[in-house]
Amino acid sequence: MIDIPDELIASQYAYNGAAGRAFVAALPGLAGRFLEEWGLRRDGAAMYGMCALVLPVVREADGVPAALKLQLVDEETVGEPIALRAWGAAGAGAVGVLGHDPGTGALLLERLDEGRPLSGMAGGGGVPGGSRPVGEAADARRAVTVLGEVLARLAAVPAPEGLRTLGDAVERMLAAAPEAVGRLADASERRLLADCAAAVREVAGEPGDRLLHWDLHYDNILAGRADAGRAGEWVALDPKPLAGDPGFELFPALDNLFDAGEVVWRFDALTEALGMERDRGRARAWTLGRVLQNAVWAVGDGERELAPDHAEIARRLLGVG
């Protein structure tokens with residue numbers, strides 16, 4: 001029997017409607033099918049995020065620990081096995097693919113150390129508008145440095161054909177920007193979002209061709225396992241891949257474990273890791289593009305204000321606050 005976590009059920013129902021309900025209903029059958037077809041046995045409690053159920057397993061044929069990932073296939077997740085295999089071929093530091101079923105999107109992945117996310121190094125939560133204790137701040141900066149190293153390896157790989165593109169995404173967000181700006185209740189936020197859109201327009205003609213993760217935050221980097229030959233490595237997982245400019249990758253590391261006083265330091269450290277320190281204007285514009293993208297989605301869901309952390313990131317990068 002597979003127990004489906006209530007939180008996963010709630011997120012699927014809320015965000016995916018009928019498709020989410022069908023996915024949840026099918027999960028026990030999918031899990032049973034792939035445990036049998038791929039010769040797997042359960043090896044621990046189920047894990048989950050907003051989009052996927054992950055079962056720790058062992059491959060019975062050779063005793064290799066693995067993770068069975070079941071998720072609803074959509075435009076964000078359909079390219080995951082393509083991206084992971086491209087990074088794997090390049091030795092770029094992403095989780096390995098042991099099996100994939102194109103019909104359902106089921107993935108059998110290399111097992112990482114789920115008890116050691118990079119967020120554990122960074123510390124618990126951010127300090128909005130404040131500062132961390134000295135030791136905790138140093139640990140958080142080390143985590144940013146590690147994330148920058150992982151990001152640089154991933155972004156060095158050219159995007160394979162067939163993935164969604166930043167060019168398409170930016171065309172949609174710029175088309176939606178005037179309405180999103182107009183529906184914000186606060187005049188200062190309207191000006192701020194208009195500035196974000198203006199910055200994106202300046203770089204929209206060169207969307208880039210690197211293989212992007214899109215969601216590289218501190219919980220999407222785990223320690224590798226010694227039994228997989230990954231001792232001492234930090235490994236990326238759960239990409240929502242697209243082809244584009246590496247500057248579009250920075251926002252999650254600024255927003256996750258948010259600390260207003262560290263926004264500019266993190267931005268500078270990440271652009272340096274990517275070799276973009278001489279072109280920070282482009283990196284800034286694409287980071288503001290993530291603020292714009294999130295705002296377009298939020299306004300479409302009925303919101304009339306920017307997320308406070310997102311607004312503060314934009315102000316800091318624009319030099320307003």
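Could you check residue 209 against (1) under 30 Å from residue 78 (Cα atoms); (2) surrounded by 16 or more Cβ atoms within 10 Å (Cβ to Cβ); (3) under 20 Å from the mean Cα position of the chain (by Cα); (4) of a type outside the set (Gly, Ala, Ser) and say which number it fails?
Of everything listed in (1) under 30 Å from residue 78 (Cα atoms); (2) surrounded by 16 or more Cβ atoms within 10 Å (Cβ to Cβ); (3) under 20 Å from the mean Cα position of the chain (by Cα); (4) of a type outside the set (Gly, Ala, Ser), residue 209 misses just condition (2).
Checking residue 214 against (1) without any contact (Cβ under 8 Å) to a residue 12 or more places away in the chain; (2) under 20 Å from residue 50 (Cα atoms); (3) of a type outside the set (A, V, I, L, M), which single condition isn't satisfied?
(1)
Being outside any strand (DSSP E or B) and touching a Leu at 6+ places or on another chain (Cβ under 9 Å) is the filter; apply it to region 49-77 and report the residue that is farthest from residue 162 (Cα to Cα).
That would be 60.
Only one of these is touching a residue at least 12 places away in the same chain (Cβ under 8 Å), touching a Lys or Arg at 6+ places or on another chain (Cβ under 7 Å) and either surrounded by 24 or more Cβ atoms within 10 Å (Cβ to Cβ) or assigned to a helix (DSSP H, G or I) (or both): 295, 253, 285, 269. Name it.
Only one candidate qualifies: 253.
So which residues in region 298-312 are outside any helix (DSSP H, G or I), under 26 Å from residue 246 (Cβ atoms) and open to solvent by 20 Å² or more (accessible area, probe 1.4 Å)?
Selection gives 307 alone.
What residue, among those in region 226-250 that are charged (D, E, K, R) and part of a helix (DSSP H, G or I), is least open to solvent (accessible area, probe 1.4 Å)?
Among those residues, the one meeting the criterion is 249.
Could you tell me whether residue 315 is surrounded by fewer than 21 Cβ atoms within 10 Å (Cβ to Cβ), out of contact with any Ser or Thr (no Cβ under 8 Å at 6 or more places or on another chain) and closer than 20 Å to residue 201 by Cα?
Against the criterion (surrounded by fewer than 21 Cβ atoms within 10 Å (Cβ to Cβ), out of contact with any Ser or Thr (no Cβ under 8 Å at 6 or more places or on another chain) and closer than 20 Å to residue 201 by Cα), residue 315 qualifies.
Taking the options 140, 177, name whichever one is crowded, with 18+ Cβ neighbours inside 10 Å, at pLDDT below 95 and assigned to a helix (DSSP H, G or I).
Of 140, 177, the one residue that is crowded, with 18+ Cβ neighbours inside 10 Å, at pLDDT below 95 and assigned to a helix (DSSP H, G or I) is 140.
Can you give me the number of residues within region 68-98 that are among the aliphatic types (A, V, I, L, M), open to solvent by 10 Å² or more (accessible area, probe 1.4 Å) and in contact (Cβ under 8 Å) with a residue 24 or more places away in the chain?
Final tally of qualifying residues: 7.
Residue check, residue 223 against (1) touching a Cys at 6+ places or on another chain (Cβ under 8 Å); (2) surrounded by fewer than 23 Cβ atoms within 10 Å (Cβ to Cβ), all met but one. Which one?
(1)
The values are calculated or read from the model by the stated rules, or taken from the named source; none is laboratory data. Note that the coordinates shown come from a computational prediction; the quantities given were computed from them, not determined experimentally. All Cβ positions, even for glycine, are placed from backbone atoms using ideal geometry, and neighbour counts span all protein chains on display. These area figures cover heavy atoms from the full protein model, side chains too; ligands, DNA and RNA do not enter into them. Shrake-Rupley method; radii C 1.70, N 1.55, O 1.52, S 1.80 Å.
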